[in-house]
1. Got a sec? Which of Ser127, Ser154, Ser173 is more than 30 Å from Glu13 (Cβ to Cβ) and touching a residue at least 60 places away in the same chain (Cβ under 8 Å)?
2. Step by step: first the residues of region 43-90, then only those that are in contact (Cβ under 8 Å) with a residue 40 or more places away in the chain and in a loop (DSSP other than H, G, I, E, B), then the one that is surrounded by the fewest Cβ atoms within 10 Å (Cβ to Cβ). Which residue is that?
3. Applying the selection to region 132-151, what residues are assigned to a helix (DSSP H, G or I) and either of a type in the set (Gly, Ala, Ser) or under 16 Å from the mean Cα position of the chain (by Cα) (or both)?
4. What are the residues in region 104-134 that are surrounded by 19 or more Cβ atoms within 10 Å (Cβ to Cβ) and aliphatic (A, V, I, L, M), if any?
5. Taking only region 37-64 into account, find how many residues are closer than 20 Å to Pro122 by Cα and either within 11 Å of the chain's Cα centre (by Cα) or not β-branched (Val, Ile, Thr) (or both).
6. Just checking, which of Leu190, Leu207 is outside any loop (DSSP other than H, G, I, E, B) and closer than 15 Å to Glu55 by Cβ?
7. Using the structure shown, decide if Arg175 is over 28 Å from Asn93 (Cβ atoms), surrounded by fewer than 19 Cβ atoms within 10 Å (Cβ to Cβ) and out of contact with any Gly (no Cβ under 8 Å at 6 or more places or on another chain).
8. Quick check, is Arg97 crowded, with 16+ Cβ neighbours inside 10 Å and either more than 28 Å from Gln167 (Cα to Cα) or among the charged types (D, E, K, R) (or both)?
Amino acid sequence: MSGERKRLSLPGEGGKLLLHSCCAPCSGELMEAFVESQIDYTVFFYNPNIHPVKEYELRKEENIRFAQKHGVPFVDADYDTDNWFARARGMENEPERGIRCTMCFDMRFERSALYAHEHGFPVMTTSLGISRWKNMQQINDAGRRAVAPYPRLSYWDYNWRKDGGSQRMIEISKREQFYQQEYCGCVYSLRDTNRHRKAQGRERIKLGVMFYGEDSGGEPEAK
């Protein structure tokens with residue numbers, strides 16, 4: 001694998017960690033790093049943005065499979081799409097990394113922070129920032145906002161991409177043959193990605209057909 005992992009320590013006084021996971025490919029490197037560092041953590045899967053439900057189930061089941069492999073607790077949170085669409089109203093045509101994505105991060109992290117607060121987790125983090133397709137500052141700002149109401153909860157803004165983390169993410173995905181999603185997750189991302197493909201003379205995205213492996217070209221074009 002690319003580079004040796006550094007042993008990690010939770011910020012503050014330690015304890016247990018709540019990991020908001022967006023998908024198995026992005027979470028794989030974090031999960032294995034936590035296991036190696038003997039960090040007590042739980043995976044929290046709250047992603048009501050993912051559309052359609054077939055795509056949501058594919059991503060969730062891959063994450064469950066990997067969590068079970070490592071004996072890690074997995075919390076399957078609500079798929080409250082109505083609330084997500086209500087919050088996205090008026091932002092349907094915003095670009096990727098714009099205010100719609102900020103809203104989406106806020107919504108997912110607010111729920112994660114509430115769960116962490118109610119269940120005694122002193123630290124939470126997310127796998128979203130490891131992908132080069134995401135704006136790390138945008139994600140970390142949302143994480144800090146989410147924990148602000150809870151004095152005993154902190155957000156861990158570690159740069160998971162550094163020291164070979166991004167490359168290990170791809171290598172783990174290929175080793176595990178994770179499902180390879182081809183768009184960020186929401187219906188608007190799917191729409192815009194298909195428009196881009198059409199302009200390039202390419203076929204529309206087909207759900208559930210691409211998996212990482214020996215023939216995988218690397219990271220998907222959007223995550």
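The values are calculated or read from the model by the stated rules, or taken from the named source; none is laboratory data. Since the model is a prediction, treat every value here as computed from it, not as a measurement. Note that each Cβ is placed from the backbone with ideal geometry, even for glycine, and that neighbours are counted across all protein chains shown.
1. Ser173
2. Residue satisfying both the conditions and the ranking: Pro52.
3. Initial filter on region 132-151 (assigned to a helix (DSSP H, G or I)): 136-147.
Selection gives Met136, Gln137, Gln138, Ile139, Asn140, Asp141, Ala142, Gly143, Ala146.
4. Listed by number, the residues that qualify are Met107, Ala113, Ala116, Val123, Met124, Leu128, Ile130.
5. Step one: of region 37-64, the residues closer than 20 Å to Pro122 by Cα are 37-46.
Right, trim to either within 11 Å of the chain's Cα centre (by Cα) or not β-branched (Val, Ile, Thr) (or both) and you get 37-38, 40-41, 43-46.
Of the residues in region 37-64, 8 are closer than 20 Å to Pro122 by Cα and either within 11 Å of the chain's Cα centre (by Cα) or not β-branched (Val, Ile, Thr) (or both).
6. Selected residue: Leu190, the only one of Leu190, Leu207 that is outside any loop (DSSP other than H, G, I, E, B) and closer than 15 Å to Glu55 by Cβ.
7. yes
8. Criteria not met by Arg97.
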